[in-house]
Ligand code: ADP
Ligand code: MG
């Protein structure tokens with residue numbers, strides 16, 4: 001494997017082990033995680049691979065095979081100062097240290113096939129692989145559910161992104177051919193069958209490669225708006241509200257806040273319907289729910305973009321069973337659930353539509369529900 005050869009070249013020795021953790025697609029349940037609601041992500045067959053060797057001194061050396069990521073040298077007493085890509089690695093190390101693990105120095109090489117910044121959570125893939133690696137090597141004894149929280153805390157407190165537990169849960173708790181149904185209030189999760197090939201289906205990711213400048217601000221703004229609404233309505237989170245209460249809620253909020261709440265409430269209901277449909281019928285039954293999720297994000301939560309709307313609309317018009325933007329919004333990727341035999345036509349239609357609109361060429365690729373984070377057994381490690 002290339003990562004092992006490169007590790008040997010860079011550090012002059014073999015690593016102690018190799019760990020992989022996947023990125024994710026959120027099938028449905030957007031912005032519901034921090035509202036203590038439901039989400040349904042699946043791990044994709046693209047991962048961050050981390051080769052790691054513990055050192056006997058306090059030094060930390062980090063390399064990535066991505067040429068845009070510069071090598072970083074630091075030490076175990078300077079973890080909280082991490083910036084750039086190293087924050088995803090050192091943030092996890094810092095949280096483990098805070099939780100009482102005695103952390104020696106280490107050497108790490110990262111190689112990731114999860115596109116960065118595309119809304120597929122390349123960041124949680126890195127955090128999850130590093131959390132699993134350090135927990136294994138240092139005998140931390142933390143469960144996967146605990147490692148989810150380690151990754152989240154690293155992202156919140158060291159990277160500085162106010163994200164929920166969706167991404168790390170998908171990466172650490174997933175299984176091949178399954179989606180992870182997660183209740184963000186109880187933090188309980190359950191695997192739900194998502195066997196796309198058995199139904200003759202594919203999941204096409206349309207990476208618009210556009211990340212709007214207000215993505216971070218927009219995310220924080222929607223989060224604040226949901227928190228204010230919950231306070232105004234006297235509930236501890238929007239999770240507590242049901243679809244049947246919406247008419248009554250409408251009279252108590254300004255129009256914009258009401259639309260934000262309506263997205264969260266209806267999105268939670270859609271997640272539950274998708275979970276039921278997958279169990280009862282299969283993925284061919286969820287297309288319309290994906291479509292209505294997109295409309296809700298476009299019109300009520302207002303986190304879509306012209307590129308995402310075009311991607312969704314074009315896929316729908318050319319044979320997708322359903323399509324929606326996925327991830328935090330304001331750019332990133334859309335997903336389309338498509339019959340396998342329509343893939344070529346849908347790809348062509350998307351490229352044409354983006355060119356006609358004067359948008360940059362999107363990156364198109366299919367993903368399968370893949371396994372969760374794991375240690376890869378390799379000889380001599
Ligand atoms: P997403 O999680 O949606 O991909 P983020 O902005 O949360 O987007 O995370 C992307 C960041 O993760 C990059 O800016 C970079 O710091 C880091 N990253 C992702 N892939 C790699 C890689 N192969 N090597 C180094 N850093 C990476
Ligand atoms: Mg991320």
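Only the coordinates and a few stated rules stand behind these numbers; no lab work does. It should be emphasised that the depicted structure is a prediction, and the values quoted were computed from it without experimental measurement. Positions of Cβ are generated from backbone atoms using ideal geometry, with glycine treated the same way; all protein chains shown enter the neighbour counts.
At a glance:
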{"quantity": "DSSP bridge orientation in the stretch 195-367 - percent antiparallel, rounded to nearest 5", "calculated": "100"}
{"quantity": "Spatial separation of Cα centroids for the stretch 8-75 and the stretch 131-164, in angstrom", "calculated": "11"}
{"quantity": "Bins of 5 Å from zero: percent of alpha-carbon pairs in the stretch 1-156", "calculated": "2, 9, 19, 24, 21, 14, 7, 3, 1, 0"}
{"quantity": "Degrees separating the helix 255-280 axis from the principal Cα axis of the chain, which is the longest one", "calculated": "80"}
{"quantity": "Helical mean residue ellipticity (222 nm; -39500 (n - 2.57) per DSSP H run of 4+; nearest 500) of the chain", "calculated": "-12000 deg cm²/dmol"}
{"quantity": "Centre separation in Å (Cα based) which lies between the stretch 266-304 and the stretch 365-381", "calculated": "29"}
{"quantity": "The stretch 195-367 - Debye-derived log10 I(q)/I(0), Cα point model, q = 0.15, 0.16, 0.19 Å⁻¹", "calculated": "-0.88, -0.96, -1.19"}
{"quantity": "Length added when fully stretched, residue 186-residue 280, from 0.36 nm per residue minus Cα-Cα", "calculated": "31.4 nm"}
{"quantity": "Order of 63, 263 - criterion: other Cβ atoms within 10 Å of each residue's Cβ, fewest first", "calculated": "63, 263"}
{"quantity": "Nearest-ten-degree value, helix 215-233 long axis tilted from longest Cα axis of the chain", "calculated": "60"}
{"quantity": "Inter-part distance where the stretch 80-95 and the stretch 335-358 are each reduced to a Cα centre, Å", "calculated": "38"}
{"quantity": "The stretch 176-274 - percent relative contact order, Cα under 8 Å, separation 6 or more", "calculated": "18"}
{"quantity": "Per-pair calculated FRET efficiency, R0 = 41 Å: residue 375 and residue 243 via Cβ, rounded to 0.05", "calculated": "0.45"}
{"quantity": "Burial ranking of peptide ranges 52-59, 12-19 (average Cβ count within 10 Å, highest at the top)", "calculated": "12-19, 52-59"}
{"quantity": "Residue-span extension gain [residue 357 to residue 10] - 0.36 nm each, minus C-alpha spacing", "calculated": "120.4 nm"}
{"quantity": "Estimated FRET transfer efficiency when R0 is 41 angstrom, pair residue 228-residue 272 (beta carbons, to 0.05)", "calculated": "0.95"}
{"quantity": "Percentage of interatomic Cα-Cα distances in the chain larger than 30 Å", "calculated": "39"}
{"quantity": "Gain on full stretching of the segment that runs from residue 1 to residue 251 - 0.36 nm per residue minus C-alpha separation", "calculated": "83.9 nm"}
{"quantity": "Crossing angle, helix 144-153 versus the chain [Cα axis fit, 0-90 degrees, rounded to tens]", "calculated": "90"}
